[in-house]
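A quick write-up on the structure given underneath.
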Amino acid sequence: MVAGGDALARGDDGKVVFVRGGLPGEAVRVRVVESKKGFSRAEIEAVLEPSAWRTDPPCPNVARGCGGCQWQHVTPEGQRALKAEIVRDALRRIAKIPEPPVRETVALPGTDYRTTMRAAVHHGRAGLRRAGSHEVVDLDLCLVAHPLVEEMLRDGRFGRAQEVELRVGARTGTRVAMVDPNARDVRLPGDVVVVGIDEVRAGHAAAYSEVVAGRTWQISAASFFQARPDGADELARLVVEAVQPHATAVDLYCGVGLFAGVLSDAGVEVLAAVEGDASSARDARANLAPSGVDVVELDVHRWVAPGPVDVVVADPSRNGLGTRGVDAAVSGAPEAVVLVSCDPAALGRDTQLLGAAGYRLEWVIPVDMFPGTVHVETVGRFIRDPANGQVTGVTAAP
Ligand SMILES: C[S@@+](CC[C@H](N)C(=O)[O-])C[C@H]1O[C@@H](n2cnc3c(N)ncnc32)[C@H](O)[C@@H]1O
């Protein structure tokens, strides 16, 4: 399987063919739909010898062309095995680790889970785009959406908007819809806080709340938050386990303060929480006020630790830490770096960069946050390994 969720095969001429909907080890007859110099793309015409992991997609919208979930045709067990293999493969190929220390995947329920969903709007109805197309499939039901999101997808009317982000607090019942470019002529159930992107930019406050790890989090419409609370519980648990028993930590890319908050609750002294987005940083300040954590609104690329720290937690966006994120993460010469990553290729690149900075991957745990899709989250623990590479920073090991 390749990172986008297609299966990799080879034509008679040796050319790579990406097969949408294919699975390893099975025989399928395909139709080539795109041919480029180095590779082709193909769709399945018939499955001749199915994989044991192939199943009928449980969601009827797959047959209607909905591109929201790439792997509805794969059993839950098969999805977990394939995602773990994608993580292993990235670490082998990109980070050059022959036997990557990938631990068992954390499984989560596969339906009704998604509490944040960005939808396209077509003729006033919300829907998801067809795979590889701009065409919108409107949705009356969505197997993976939380019922409170599904209700907004089904019953919402969004005027002349182009896109809408639907978000709910599954454990508080609060919800918000952020409409692009404005919220004119939008109809939604009365409890939903509706806000246009134009109003958010003008400073209008709109928020919902969610309970994760026993705390209630304030989340503004434009702030990042994990897309399911049970998955956020698992990430928080793994991050705390990866940090303890260390005494001090820094939370880079802190969003609304999730990891800084749970670490403080677990008795770790969080020296700083760094976030570049103004909306998330504002929420983090409100959420972390009872813990007394210093929230720094700053591009992580410009962060330099003011002093030594035991552990750095970093949860960057899809492109990962990169060179400058790694420089920031190791600037306090921590004993360990805990990296939460939402893209296996970025994990591979960051593992390679952290290795060059003197940090060796001790273990990584995939968390299957988004069953039905190819996406996988990971939590990895890197430990300072003075025997291998250069350690930079204020208290670099001798
Ligand atoms: C994947 S989210 C993680 C948030 C938080 N750890 C959580 O679990 O809710 C990444 C966060 O990093 C922030 N971010 C992305 N690039 C950044 C940068 N260069 N500097 C600072 N923050 C950044 C985003 O605004 C977002 O809030």
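The values are calculated or read from the model by the stated rules, or taken from the named source; none is laboratory data. Remember, predicted model here, so these are calculated numbers, not experimental data. Backbone-built Cβ (ideal geometry, glycine too); neighbour counts: all protein chains shown. Note: accessible area is taken over every heavy atom of the protein model, side chains too, but ligands, DNA and RNA are not part of it. Shrake-Rupley method; radii C 1.70, N 1.55, O 1.52, S 1.80 Å.
Worth a mention:
- Cα centroid of the stretch 208-284 to Cα centroid of the stretch 29-65, whole Å: 39
- Estimated FRET transfer efficiency (residue 185, residue 297; beta-carbon r; R0 45 Å; 0.05): 0.80
- Judged by the mean number of other Cβ atoms found within 10 Å, the most tightly packed of the peptides 182-193, 331-342 leads the ranking 331-342, 182-193.
- Note on residue 211/residue 247: beta-carbon distance plugged into 1/(1 + (r/R0)^6) with R0 of 25 Å gives a FRET efficiency of 0.35.
- Taking the chain as a Gaussian network of alpha-carbon nodes connected by springs under 10 Å, the highest mean-square fluctuation of the residues 83, 15, 96 belongs to 15.
- If you take all other residues with their beta carbon under 14 Å from the beta carbon of residue 98, and give Lys and Arg +1 and Asp and Glu -1, the sum is +3.
- Beta bridges by DSSP in the chain, antiparallel share as percent, to the nearest 5: 65
- Charge sum, other residues only, whose C-beta stays under 13 Å from residue 264's C-beta, Lys/Arg counted +1 and Asp/Glu -1: -3
- Restricting attention to the chain, the count of lysine pairs at 8 or more positions apart or across chains with alpha carbons under 26 Å apart stands at 5.
- Pairwise label distance in nanometres, residue 204 with residue 12, each label 7 Å out on the Cα-Cβ vector: 6.2
- Think of a 1.4 Å ball rolled over the protein heavy atoms: the chain then has 44 Å² of accessible area per residue.
- The magnitude of the dipole of the stretch 188-320, with charges of +1 and -1 set on the Cβ of Lys/Arg and Asp/Glu and taken from the Cα centre, is near 140 debye.
- Inter-part distance where the stretch 72-99 and the stretch 124-149 are each reduced to a Cα centre, Å: 27
- Each Lys and Arg contributes +1 and each Asp and Glu -1, all at the Cβ; summed about the Cα centre of the chain, the dipole is approximately 940 debye.
- Radius 13 Å from Cβ of residue 247, net charge of other residues (Lys, Arg +1; Asp, Glu -1): -3
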